[in-house]
1. Test of understanding: what is the full-extension gain from I24 to V129, defined as 0.36 nm times their sequence separation minus their Cα-Cα distance?
2. Ranked by Cβ crowding within 10 angstrom, fewest neighbours first, how are H104, H120 ordered?
3. How far apart, in nm, are two points set 7 Å out from the Cα along the Cα-to-Cβ line at V57 and at S99?
4. If you count, for each residue, the other Cβ atoms within 10 Å and average over each peptide, how do 139-149, 43-53, 17-27 line up from highest to lowest?
5. Between 0 and 90 degrees, rounded to the nearest ten: what's the tilt of helix 157-170 against the longest Cα principal axis of the chain?
6. If you only keep lysine pairs separated by 8 or more in sequence, or across chains, how many in region 3-170 come under 17 Å at the Cα atoms?
7. Packing-wise, with mean Cβ within 10 Å as the measure, how do 151-159, 28-36 rank, highest first?
8. Find out how many positive minus negative residues lie around E101, taking Lys and Arg as positive, Asp and Glu as negative, among other residues whose Cβ is under 10 Å from that of E101.
Amino acid sequence: MKKKIVAICGSTRQNSINLELLEIIAQLYQETIDFETVTNLDKIPHFNPDLDNPTDVPSQVLAFRNQLKSSDAILICTPEYAMGVPGTLKNAIDWTVSSMEFSHKPTALITASTSGEKGHASLLETLKVIEAKIDEKTSLLISTPRTKIKDGEITDEGILLRVKELIENLV
C-alpha cells in the first residue's frame, strides 16, 4: 500500500523552485508514495488563539489540519524569507500547535533558498517544539537551488542522492 505524504510548499510564488522540487520528488516516487501538495497557505487566516476552539476554527484551518491528520508523513519544502520562515508557512504551523497534528508525525524539511541557513534552523526549532518526528536524516538545506535544479530535474548528483536518502528515511 502506498504511503500518503502531505507536501507543504512554503513559497507563495507561482513558479517556485520549492514547488518544482516537490513535483520532482513526487515524480521520482510516484509508484510508492501518494503526494498531496499544499500550495494555498495564503488562504489560511491569520492565527488567532481566540478562534482556536471547537466552535470557531475557520474551515480552511480545519481542512489543513485534516490533511495533516490523514497523512503518514509530512514533507515541507520552503525558501527562507528575510533570514526567517515565510509568514504563511509559520502561520499555518501555528494553527496546529494546540491540535497537535505534527506531534510524533514523521516530518521532513527541505529548505531550498539562496542561503537558507537561518530560516532552516528556525523552522527546525519550531518543528521540534511541536514534537514533529524530525532529525538530521530528514532535514536538508539546499543553498543556491537554481544551480542544482533545472528543467524539472535535480542536476546535482549529490543533492539528488541526499533527497532520495531524506525520502527513504521519512517513509
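Bear in mind these aren't lab numbers, they're just calculated from the coordinates by the rules spelled out. Every value quoted in this text rests on a predicted model; they were computed, and no experiment measured them. Here Cβ is always computed from backbone atoms with ideal geometry, including for glycine, and neighbour counts include all displayed protein chains.
1. On the way: separation 105, 0.36 × 105 = 37.80 nm, distance 2.95 nm.
34.9 nm is the gain from fully extending I24 to V129.
2. Working: H104 9, H120 23.
So the residues, fewest neighbours to most, are H104, H120.
3. Placing both labels 7 Å along Cα→Cβ, they lie 0.3 nm apart.
4. Numbers: 139-149: 18.1, 43-53: 12.7, 17-27: 20.0.
Per-residue mean Cβ counts within 10 Å order the peptides as 17-27, 139-149, 43-53.
5. So the inclination is approximately 40 degrees.
6. Step by step, the pairs that qualify in region 3-170 add up to 20.
7. Values: 151-159: 12.7, 28-36: 14.3.
Result, highest mean Cβ count within 10 Å first: 28-36, 151-159.
8. Values: positive: R65, K69, K105; negative: none.
Spelling it out: positives minus negatives among the neighbours equals +3.
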